[in-house]
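Chemist: I am attaching a structure below and will ask some questions about it afterwards.
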Amino acid sequence: DTAVSQTPKYLVTQMGNDKSIKCEQNLGHDTMYWYKQDSKKFLKIMFSYNNKELIINETVPNRFSPKSPDKAHLNLHINSLELGDSAVYFCASSQGNNQPQHFGDGTRLSIL
Amino acid sequence: QKEVEQNSGPLSVPEGAIASLNCTYSDRGSQSFFWYRQYSGKSPELIMFIYSNGDKEDGRFTAQLNKASQYVSLLIRDSQPSDSATYLCAVNMGGGSYIPTFGRGTSLIVHP
């Protein structure tokens, strides 16, 4: 009965690889987000979708590509991973884009 | 550049005292304000949200908003050791685009 679930929880991979993180919410929300939290714990918005439409696309390298097959799912694909991509990535959802957000447990990405 | 500023702390208070956490934001057009709590290694969880000037109370927590001064605060009454965490202030900026912008968080330590 997890509200916002992300997989995998941990991801350890080498530089140059391509990886994906999946997110699903069962709250019936129409807006979903991806955040990056760096080693200094700064949480920064990357993308947001509302009803499968991209509404926020902050200054993120185009190696990062979000995809929302339906309003309950928002996946993140990362190409050519770099050392600086090491961080915790959080998925979140809300009912409307001006409402409180519910966060997933995060995916800890480590680049070797 | 649109920013949310918080004192990183740590803020140390004795058990039973009132903890006061403060946040300022740069975008005068901001309309929604949130406080999240994040325990080490966990995801952010919503504590309070406020949209209008004034005070909003929920149990031991009170959020205070002053839009003229671009200032939002969180008071925690009867602080408990379990309140020890990082508190993140979040502001949806950009008028209609509602871009979630987080502060760097204030670390709160409640000592017995």
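What follows is calculated from the coordinates using simple rules that are stated; it is not laboratory data. The structure presented is a predicted model; accordingly, all values stated were derived computationally and were not measured. Because the Cβ atoms are built from the backbone with ideal geometry, glycine has one as well, and the counts that use them run over all protein chains shown.
Chemist: Counting only other chains, what is the mean number of Cβ atoms within 10 angstrom of the Cβ of each residue in peptide B:39-52?
Modeler: So the per-residue partner count for this stretch is 3.
Chemist: A follow-up question, please. Among B:Val13, B:Leu108, B:Ser32, flag the residue with its Cα farthest along the positive direction of the charge dipole of chain B, charges on Cβ as +1 for Lys/Arg and -1 for Asp/Glu.
Modeler: Working it through, the farthest residue towards the positive pole turns out to be B:Ser32.
Chemist: Quick one: putting +1 on the C-beta of Lys and Arg, -1 on the C-beta of Asp and Glu, what dipole do you get for chain B around its Cα centre, in Debye to the nearest 20?
Modeler: Details: 9 positive and 10 negative charges, 44 e Å.
I would put it at about 220 debye.
Chemist: For chain A, with only Lys/Arg (+1) and Asp/Glu (-1) charged at the beta-carbon, what is the dipole magnitude about the Cα centre, in debye rounded to 20?
Modeler: On the way: 12 positive and 11 negative charges, 46 e Å.
Approximately 220 debye in magnitude.
Chemist: What lysines could a cross-link reach from A:Lys22, if we take a straight Cα to Cα line under 17 Å and drop same-chain neighbours fewer than 8 places away?
Modeler: Answer for A:Lys22, where 17 Å is the Cα cut-off: A:Lys9, A:Lys36, A:Lys52, A:Lys67, A:Lys71, listed by chain and number.
Chemist: Exactly which GluC sites (Glu not before Pro) in segment B:9-112 are in a DSSP loop and have at most 16 other Cβ atoms within 10 Å?
Modeler: Numbers: sites: B:Glu15, B:Glu45, B:Glu57; in loops: B:Glu15.
Answer in residue order: B:Glu15.
Chemist: Quote the charge dipole size of the protein assembly as shown about the Cα centre in Debye, to the nearest 20; the model charges only the Cβ of Lys and Arg (+1) and of Asp and Glu (-1).
Modeler: On the way: 21 positive and 21 negative charges, 70 e Å.
So the dipole magnitude of the protein assembly as shown works out to roughly 340 debye.
Chemist: Based only on the alpha carbon positions, what is the Kirkwood hydrodynamic radius of chain B, in angstrom? All intermediate terms of the calculation are to be shown ahead of the outcome.
Modeler: Working: mean 1/r = 0.0715 Å⁻¹.
Computed over chain B, the radius equals 14.0 Å.
Chemist: Something else about it: With the dipole of chain A worked out from charges on the C-beta (+1 for Lys and Arg, -1 for Asp and Glu) around the Cα centre, which of A:Asn57, A:Thr107, A:Leu74 lies farthest toward the positive end?
Modeler: Of the candidates, A:Thr107 comes out farthest on the positive side.
Chemist: So for each of A:12-23, B:66-77 I average, over its residues, the number of other beta carbons within 10 Å; can you give me the resulting order with the highest mean first?
Modeler: Numbers: A:12-23: 14.5, B:66-77: 16.2.
Order by mean packing, descending: B:66-77, A:12-23.
Chemist: Could you work out the mean count of beta carbons from other protein chains within 10 Å of each residue's beta carbon in A:101-107? Walk me through the intermediate numbers first.
Modeler: Values: counts 9, 4, 7, 1, 3, 4, 0.
Mean shielding count: 4.
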